[in-house]
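The values are calculated or read from the model by the stated rules, or taken from the named source; none is laboratory data. Keep in mind it's a predicted model, so treat the numbers as computed, not measured. Cβ atoms come from the backbone with ideal geometry, glycine included; neighbour counts cover every protein chain shown.
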Amino acid sequence: MERPRTAALIVAAGRGTRAGGPKQFRALGGRPILAWSYDALAGHDAIGQVLVVIGAGQEAALVQALGDVPFVIGGATRQASVRAGLEALDADGVERVLVHDAARPFLPGTVIDALLTALDADSGATAAIPVTDTLARGIEVLGDTVPRGGMVRIQTPQAFHLPELLAAHRAWPEGEAATDDAQILRRAGHDVALVAGDPALDKITFPADFARAEAMLAACMVSRTATGFDVHRLEAGEELWLGGMLIPHDKGLSGHSDADVALHAITDALLGTIGAGDIGQHFPPSDSQWKGARSDQFLAHAATLVRAAGGIIDFVDLTLMCEAPKIGPHREGMRDRIAQILQLPPAHVSVKATTTERLGFTGRGEGIAALASATVRVPGQEP
C-alpha cells in the first residue's frame, strides 16, 4: 500500500516579544533554535517535506538559519500563519501534516512515531504530558487550587489529516483566538487523540528558558573529533577549485568532481564524527551524476547528516599542503566560504597552509593534499 503523503509545518513567524526578540533564529547549542526541529522533522523517514511559516521581513533570517528551504509568509496570528501553511501544502497534494512550534527545539523521534501511528485511527493527535504540579488561581495573591486530575499540558507537534484540519481552519470564526490546532479540529467535531509527549519538548518562551535548554544540551552531549585526508593531481587545462573558491592558477585539480581537496577532506572529517563512512560511499566516482559536480554540495550533505543525528559542529580545522598557488591571499575567502556552507560563524573555521620543503609530489608541484579535522558534539542521549 502506498504511504500517504506526509509533510511537517513549522510555525516560525513569531516576534518573540517575551524572549527579547525572534527566538526561533537565536542560537542554541551553536545553531539556530529553528534548525533543531527542522532537522529532526526533515530527517524522519515518514516525512516527505518540511514547510516553514515565517513572518514578513524574516526571509534573510531564515536563509541564514537553514539555507534555501521552502517557506510561506504567515499572518498576524498563529492561526492565520498555520492556515497559510496548510493552504500551500493542500495545493501540493499533502494528505497528513504535523504542525510544530519552532520554539520547541528538542523533538524526539519517538513522539513523531506515536503521532503518526495515532492518525491511523483518529482525525488528529497531539503530544501531551500529565500535570504534576499543584494548580491554583491567582496573580499577586494565591487563590483556590484547581484539581489536577485528568489535566495535561499540550505540546507540539500535533498531527492531522490535512483536509479535515484545513476545513476546520476555514470554518474558524474570524477574530477569535485559537490556542492550538488540536482545539480548532476539536471545535469542528473531530476527536483528537493524546500521545505521550516529552519534557524535552517544553517551549522556550522567556530568557531564562535559554539557560535551561543549554543546560539540557550540555548534560547529554559528548564530543567527538575525526579527521579527513584527500589528494588530487594538478593538471594543465583544469580549473582550480579550493576551499569552495575558484583560484586563478595555470593548473587545476583533476578528479571526477571539481576535485576540491579542501572540501573533500572536511567532508570526510564530518562523516567520521558520526560514523557515516566516507565521501566515496555517498558520492561514488562511478556515478556519472557527480561528474564535474561542485564539492560544496558534498560538504553541505555531510553537515546535514551531522545535524540530523543531533550533532553540533563546534570547529573545523583545515591544512593545505602545496608549493603553489600561494594560499595566503585566499585564506580568509576560503574560511568565509567554508563557514557559509557549514552555516557556522567564520571564527569556528581555521584554514592553514604549509609546504613540504619541495619534497614528495606536493613539493614537485604535481598535486595538492589536504588534512582536516572536525570537532562535533553529538547526543549521548536525547535531550
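Below, the figures for the structure above:
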{"item": "Hits in region 214-235 (condition: surrounded by fewer than 16 Cβ atoms within 10 Å (Cβ to Cβ) and in contact with a Gly (Cβ under 8 Å, 6 or more places away or on another chain))", "result": "GLU214, VAL222, THR227, ARG233, GLU235"}
{"item": "Neighbours by Cβ (under 8 Å, 6+ apart or cross-chain): first from region 99-128, under 12 Å from GLN155 (Cα atoms); second basic (Lys, Arg) and surrounded by fewer than 20 Cβ atoms within 10 Å (Cβ to Cβ)", "result": "ASP101/LYS203; ALA103/LYS203; ARG104/LYS203; ALA128/ARG153"}
{"item": "Criterion: among the polar types (S, T, N, Q) and under 26 Å from PRO379 (Cβ atoms) - qualifying residue of SER223, SER257, SER295", "result": "SER223"}
{"item": "Only one of ALA269, ALA347, ALA339, ALA293 that is more than 21 Å from the chain's Cα centre (by Cα) and more than 20 Å from ALA42 (Cβ to Cβ)", "result": "ALA293"}
{"item": "Test set (1) crowded, with 16+ Cβ neighbours inside 10 Å; (2) of a type in the set (Asp, Glu); (3) closer than 30 Å to GLY29 by Cα - GLU323 fails condition number", "result": "(3)"}
{"item": "Qualifying strands (runs of 3 or more DSSP E) (wholly inside region 1-102; at least 2 residues being under 12 Å from the mean Cα position of the chain (by Cα) and either outside the structural domain of HIS161 (by TED's automatic domain parsing) or surrounded by 17 or more Cβ atoms within 10 Å (Cβ to Cβ) (or both))", "result": "49-54"}
{"item": "Selected residue [more than 24 Å from LEU342 (Cβ to Cβ) and charged (D, E, K, R)] from ARG31, ARG26, ARG15", "result": "ARG15"}
{"item": "LEU253 surrounded by 13 or more Cβ atoms within 10 Å (Cβ to Cβ) and either outside the structural domain of PHE298 (by TED's automatic domain parsing) or aromatic (Phe, Trp, Tyr) (or both)", "result": "no"}
{"item": "Candidate set: region 162-182, residues that are free of Cβ contacts under 8 Å to residues at least 24 places away in the same chain and either among the acidic types (Asp, Glu) or not assigned by TED's automatic domain parsing to the domain that holds PHE106 (or both); chosen: the one farthest from GLY85 (Cα to Cα)", "result": "GLU176"}
{"item": "Among residues of region 116-130, those that are exposed (fewer than 15 other Cβ atoms within 10 Å of the Cβ) and in a loop (DSSP other than H, G, I, E, B), counted", "result": "2"}
{"item": "Close pairs (8 angstrom Cβ cut-off, 6 or more residues apart or separate chains): farther than 15 Å from HIS161 by Cα and assigned to a helix (DSSP H, G or I) in region 183-204, of a type in the set (Asp, Glu) and at pLDDT below 95 anywhere", "result": "ALA200/GLU382"}
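Residue-by-condition table, conditions (1) in contact with a Cys (Cβ under 9 Å, 6 or more places away or on another chain); (2) modelled with pLDDT of 90 or more:
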| site | (1), (2) |
| --- | --- |
| SER288 | no, no |
| LYS291 | no, no |
| ALA308 | no, no |
| LEU320 | no, yes |
| HIS348 | no, yes |
| THR362 | yes, yes |
| GLY365 | yes, yes |
